[in-house]
Amino acid sequence: MPWLLQTGQVSPGGILAVTFTNKAAREMMTRLTAMLPVNVRGMWIGTFHGLCNRFLRAHYKLANLPQAFQILDTQDQLSAIKRLMKQFNIDDERFPAKQTQYFISGNKEEGLRAHGSRRATRKRARRSRSTSSTKTSANAKAWWISGS
C-alpha cells in the first residue's frame, strides 16, 4: 500500500484493506500512519463489519435506510424484542422472544420489511396455519410491532 500511494498509482481513498479483527485493523492503521505522510483515517481500512457500517452510513439513502439507523448484535436484538413484547403485553411464554427473533431474521434474510411485506407475511401465516398457526401469527404480530 505505501508503494502504491508513494508512486501515485492510487489515491488514499482508492485503498481498501479488509481485516478480520479489530486488533489487525488497528495494527494496519498504526503501521501506515508511521510510513505515510497522509492521514490514513480517510482510507478504507478496517474489519468487514466496520467497513460495511461506514459504507452504509455514507450511503444510507441509497440503501433506503433512515439516517440514524442502528445495527444490533444478536443479544441486543433479543433484548429489544423482549422489551417490546413487555411493552405491548405479549405473552412471552406463548410467543417466545427467541422464536420471534428467528421469524424477524428470516424475513430480513428474504428482504422483507414490516412496512412493505404485509401480503407476504399473510401468505406465510396462511401456509403455516396447518402446522403452527398460533406461533406464526404471534411472531408476525411481534414483527409488525418492532417495525423492522
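The values are calculated or read from the model by the stated rules, or taken from the named source; none is laboratory data. None of these values were measured; they are calculated from a predicted model. Every residue, glycine as well, gets a Cβ built from its backbone with ideal geometry; the counts of neighbours run over all protein chains shown. When the accessible area is computed, the model is the full protein with side chains, heavy atoms only, and any ligands, DNA or RNA have been set aside. Shrake-Rupley method; radii C 1.70, N 1.55, O 1.52, S 1.80 Å.
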Fill in: In the range 21-36, the residues that are open to solvent by 40 Å² or more (accessible area, probe 1.4 Å) and not in a helix (DSSP H, G or I)
THR21
Worksheet item: Hey, among LEU78, LEU4, LEU72, which residue is within 19 Å of LYS108 (Cα to Cα), assigned to a helix (DSSP H, G or I) and open to solvent by less than 80 Å² (accessible area, probe 1.4 Å)?
Response: LEU78
Discussion item. Considering only the range 52-64, I want to know if a residue exists there that is over 30 Å from PHE103 (Cβ atoms), open to solvent by 60 Å² or more (accessible area, probe 1.4 Å) and touching a Ser or Thr at 6+ places or on another chain (Cβ under 8 Å).
Written reply: no
Item to complete: Examine the range 37-45 for a residue that is within 19 Å of the chain's Cα centre (by Cα), of a type in the set (S, T, N, Q) and open to solvent by 60 Å² or more (accessible area, probe 1.4 Å), and state whether such a residue exists.
Response: no
Worksheet item: Going by the conditions given, is VAL18 in contact (Cβ under 8 Å) with a residue 24 or more places away in the chain, in contact with a Phe, Trp or Tyr (Cβ under 6 Å, 6 or more places away or on another chain) and either in a helix (DSSP H, G or I) or open to solvent by 40 Å² or more (accessible area, probe 1.4 Å) (or both)?
Response: yes
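For (1) part of a helix (DSSP H, G or I); (2) β-branched (Val, Ile, Thr); (3) surrounded by fewer than 11 Cβ atoms within 10 Å (Cβ to Cβ); (4) at pLDDT 80 or above, each residue gets a yes or a no:
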{"site": "MET85", "(1), (2), (3), (4)": "yes, no, no, yes"}
{"site": "ILE90", "(1), (2), (3), (4)": "no, yes, no, yes"}
{"site": "GLN99", "(1), (2), (3), (4)": "yes, no, no, yes"}
{"site": "ILE104", "(1), (2), (3), (4)": "yes, yes, no, yes"}
{"site": "ARG119", "(1), (2), (3), (4)": "yes, no, yes, no"}
{"site": "ARG129", "(1), (2), (3), (4)": "yes, no, no, no"}
Worksheet item: Do the conditions hold for ALA114, that is, is it touching a residue at least 60 places away in the same chain (Cβ under 8 Å), under 26 Å from PHE55 (Cβ atoms) and touching a helix residue (DSSP H, G or I) at 6+ places or on another chain (Cβ under 8 Å)?
Response: no
